[in-house]
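> Before we start, here is the structure in question, set down as structure tokens.
Values quoted throughout were computed directly from the atomic coordinates according to the rules given, and no laboratory measurement underlies them. The model shown is predicted, which means the values in this text are computed figures rather than measured ones. We place every Cβ from the backbone using ideal geometry, glycine too, and count neighbours over all the protein chains shown.
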Amino acid sequence: MLEFRPTEFPTTRPRVLLVNHWVQFSKGFPDGLDFVKGKSFSIAAQQQDSYELSFTIKEGCYYDINLSNEGAGEKLYPNDSMHLYEMLIGLKGGNYYLLPYFPANYPIYQLDFATMVPLVSDSKKKYLGIIKPYESPPDNQQLRLYLVHKLTPIILRVCVDEGVAYEKCTLEFLINRCLLKNGTPPAGVTPKFIEYLDEIKNLAPVGV
């Protein structure tokens, strides 16, 4: 459900899901998301919408963006079980970085040792697993999320680094809204495989 520097689309193919493309959800999805767990769908219709968020943040501080439809969230999740949002995220240049969390207090990028997790107050570990603006700029968005209805909130922590008093941090979202249709992929078609975030975090075997 998260890809950074995705390589699934060669330059000769579209960089987003289009009508008649196929997706396959992992069996690693929880039972609460059984409407997609282990299932295949074709894309019956799609529409692309842009969205932008900007924040001015003080040096050494951070701001958490909740992407979900919860009360305090940005309402950027599907509100229907037959919709999939393919979200590309671009970061405008600046002296800041991004840390994705799922759920709220669990960083997606960390190492195995218990204390090797990102920590904004630590001069070394605050850089563990970060995504910098040059790695996913608005004109070449490399950070990609796949969002479904009722998914646990994904948190994007925007952190301003040392060296500036205040920084304007701007995130540009391309949201590819896809209508799903149940079915079985035709022979010779390899669907886009979508893992659950826990499988990505824990390097769990992919559940097809």
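> Give the Rg/Rh ratio for segment 94-136, taking Rg as the radius of gyration of the Cα atoms and Rh as the Kirkwood radius, to two decimals.
Numbers: Rg = 10.5 Å, Rh = 10.9 Å.
Looking at segment 94-136, the ratio lands at 0.96.
> Sorted by packing (mean other beta-carbon atoms within 10 Å per residue), highest first, where do 97-105, 118-126 land?
97-105, 118-126
> Follow-up. If you plug each phi of segment 29-43 into the Karplus form 6.51 cos²θ - 1.76 cosθ + 1.60 with θ = phi - 60°, what whole-Hz ³J(HN,Hα) values come out, in order, with x for Gly and Pro?
My calculation for segment 29-43 gives 5, x, 4, x, 10, 5, 6, 10, 3, x, 9, 10, 9, 9, 8 Hz in order.
> Moving on to the next point. Give a quick list of GluC sites (Glu not before Pro) in segment 99-181 that DSSP marks as loop, anything other than H, G, I, E or B, with at most 13 other Cβ atoms within 10 Å.
Numbers: sites: Glu135, Glu162, Glu167, Glu172; in loops: Glu162.
Filter output for segment 99-181: Glu162.
> Give, to the nearest whole percent, the P(r) tail of segment 70-192 beyond 24 angstrom, counting all Cα pairs.
Counting pairs separated by more than 24 Å, the tail of P(r) holds 39 percent.
> Ok, one more. What do you get for Rg/Rh over the chain if you use C-alpha atoms and the Kirkwood form of Rh?
Working: Rg = 17.4 Å, Rh = 17.9 Å.
For the chain, the value is 0.97.
> Pairs Lys39/Lys150; Lys75/Lys192; Lys58/Lys201; Lys92/Lys124: which exceed 20 Å Cα-Cα?
Values: Lys39/Lys150 16 Å; Lys75/Lys192 25 Å; Lys58/Lys201 29 Å; Lys92/Lys124 24 Å.
Where the Cα-Cα span goes over 20 Å, the pairs concerned are Lys75/Lys192; Lys58/Lys201; Lys92/Lys124.
> Something else about it: Report the residue, chosen from Phe55, Phe29, Phe113, that carries the largest GNM mean-square fluctuation when the chain is represented by alpha-carbon nodes joined by springs under 10 Å.
Result for the chain, Cα springs under 10 Å: Phe113 fluctuates most.
> Along the Cα-to-C-beta direction of Leu53, a point sits 7 Å from the Cα; which residues of segment 154-192 have their amide N less than 19 Å from that point?
Residues 154-161, 167-177 fall inside that zone.
> Within a Cβ distance under 11 Å of Gly94, other residues only, what is the Lys/Arg minus Asp/Glu net charge? List each step's numbers first, then the result.
Working: positive: Lys92, Lys132, Lys168; negative: Asp161, Glu167.
Around Gly94, the surrounding residues sum to +1.
> Can you tell me which of Thr56, Thr115, Thr184 moves the most in a GNM of the chain? Springs connect C-alpha atoms under 10 Å apart.
Checking each option, the largest mean-square fluctuation is seen for Thr115.
> Any idea what the relative contact order of segment 48-183 is, in percent, if you count C-alpha pairs under 8 Å spaced at least 6 apart? If you can, show how the numbers build up before the last one.
Details: 314 pairs, mean separation 64.6, N = 136.
Rounded, it is 47 percent for segment 48-183.
> Where does the charge balance sit around Leu174 when Lys and Arg score +1, Asp and Glu -1, over other residues with C-beta under 10 Å from its C-beta?
Summing Lys and Arg as +1 and Asp and Glu as -1 gives -1.
> Grab the Cα-Cα distance for Ala165 and Phe35, subtract it from 0.36 nm times how many residues apart they are, and report the gain in nm with one decimal.
On the way: separation 130, 0.36 × 130 = 46.80 nm, distance 4.69 nm.
Result: 42.1 nm gained on full extension.
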